[in-house]
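Here's the structure we're looking at; comments come further down.
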Amino acid sequence: MEYRPLGHSGLSVSALCLGTMTFGKQNTQADAFAQLDRAMAAGINFIDTAEMYPVPAEKETQGATDRMIGEWLKSRGGRDKLVLATKIAGPGLGSMPHRKGDFSAKELNESVDASLERLQTETIDILQLHWPARKSNFFGQLGFNADPTERDPRPGMLATLEALKALIDAGKIRYIGLSNESAWGAMTFLQLAAQHDLPRIVSIQNPYSLLNRSYEVGLAEVSHREQVGLLAYSPLAFGVLSGKYLDTAPPPGARLTLFEQFQRYSREPGVAATRAYVDIARRHELDPSQMALAWVTSRPFVTSNIIGATTLEQLETNLASETLQLPAAVIEEIEAVHAAQSNPCP
């Protein structure tokens, strides 16, 4: 397993990160233990969760993922060998109606304390803001539509950084990151941190896959020049890039079979592009999932590729992608498809 520097933190994280948002809904605690054990045996030292998990988010299951990870940490030990990342939810989450999602000091403290209790740990290595507490283009939006009545978000962002510093000083978190963020948001947080001697972000967790390369437009340069690497989520586009949904009935138990509301990667432009990418893999005798994952992992601005699975068989396939070196001919064909069908599933 390759290990990469996490921003300026001094931490090194595995090139693959274990995503856990299925724990507590599609996966039982026994499943979670088996996945965590296998991932660690493969050299993964990086686990990603969120206070709202599992997904789809529901009030009845909120926090179940954390509790399973906490029980695993209690059972297995070795917390000091792991990098544990979580996320505080932003505004508008129906499963947590008591929260405004404004990243205020009060909400940050309440969220972190609850996460620490569920995870049965004393410190969170990376606390990420799950999505912006302002109007922005995320969750499938490429264009930005300004609201002329919106107040300047920078005072709130500064207050958030100040509250995060207090949590770091208290030893409850070590580093901070962003998620579903724009280039403006990332640079504003960096600018405020520099101006006010406040904590600097170490990572950005955004979607990135063969079907959604929007990160490359502005944020890739931010990652490179500011040492704020991408933690790529949905690298298989909810499993679509495996090809398992092409020309067949939806597989029983699969994510898009169970949860029909997740159609982000299933509309016709995405299906056409997926077919082209799967065809590339098969002509070059590659597993489509492994090709898609290896391509994400190889991008120079990616710090870690967040893989998820609902079965150990899927996890084994995903883990094997870490050693796959894609031939130049494959890269060339991938770029040709992207040029013809750019970002069909933002």
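Summary of computed values
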{"read-out": "Extended-chain gain in nm, criterion 0.36 nm per residue less alpha-carbon gap, S75 and L312", "value": "83.3 nm"}
{"read-out": "Area projected by the alpha carbon convex hull of the stretch 282-346, averaged over all directions, nm²", "value": "5.3 nm²"}
{"read-out": "Size of charge dipole - the chain - debye, nearest 20, with Cβ of Lys, Arg +1 and Asp, Glu -1, no other charges", "value": "320 debye"}
{"read-out": "Alpha-carbon gyration tensor eigenvalues x 5, square-rooted, for the chain, Å", "value": "30, 24, 20"}
{"read-out": "Loop GluC sites (Glu not before Pro), the stretch 1-95 (other Cβ atoms within 10 Å of the site Cβ: 11 or fewer; DSSP)", "value": "E60"}
{"read-out": "Rg/Rh ratio calculated on Cα atoms of the stretch 117-230 (Kirkwood radius)", "value": "0.98"}
{"read-out": "DSSP-defined beta bridges in the chain - what % are antiparallel, rounded to 5", "value": "10 percent"}
{"read-out": "Sorted largest first, extent of the stretch 248-323 alpha carbons per principal axis (Å)", "value": "33, 26, 25"}
{"read-out": "Cβ-Cβ FRET estimate between A340 and A166, R0 fixed at 51 Å, reported to 0.05", "value": "0.55"}
{"read-out": "Prolate/oblate/rounded call for the stretch 165-242, Cα gyration tensor, a/c under 1.5 rounded", "value": "oblate"}
{"read-out": "Dipole of the stretch 87-153, positive end: most advanced residue of A114, S95, L142 [Cβ charges, Cα centre]", "value": "L142"}
{"read-out": "Within straight-line cross-link reach of K81, lysines at Cα separation under 29 Å, skipping those fewer than 8 residues along the same chain", "value": "K25, K165, K172"}
{"read-out": "Rg(Cα)/(2.2 N^0.38 Å) for the stretch 190-229, N = residue count", "value": "1.34"}
{"read-out": "Cα→Cβ-extended label distance, 7 Å offset, between A328 and T123, nm", "value": "4.6 nm"}
{"read-out": "Summed side-chain charge close to K87 - residues other than K87 whose Cβ falls under 14 Å, Lys, Arg +1, Asp, Glu -1", "value": "-4"}
{"read-out": "Segment E110-A41, length gained on full extension (0.36 nm per residue, minus Cα span)", "value": "21.5 nm"}
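No value in this document is a laboratory result; all are computed from the given coordinates. Please read all numbers here as calculations on a predicted model, not as lab measurements. Note that we place each Cβ from the backbone using ideal geometry, even for glycine, and neighbour counts take in every protein chain shown.
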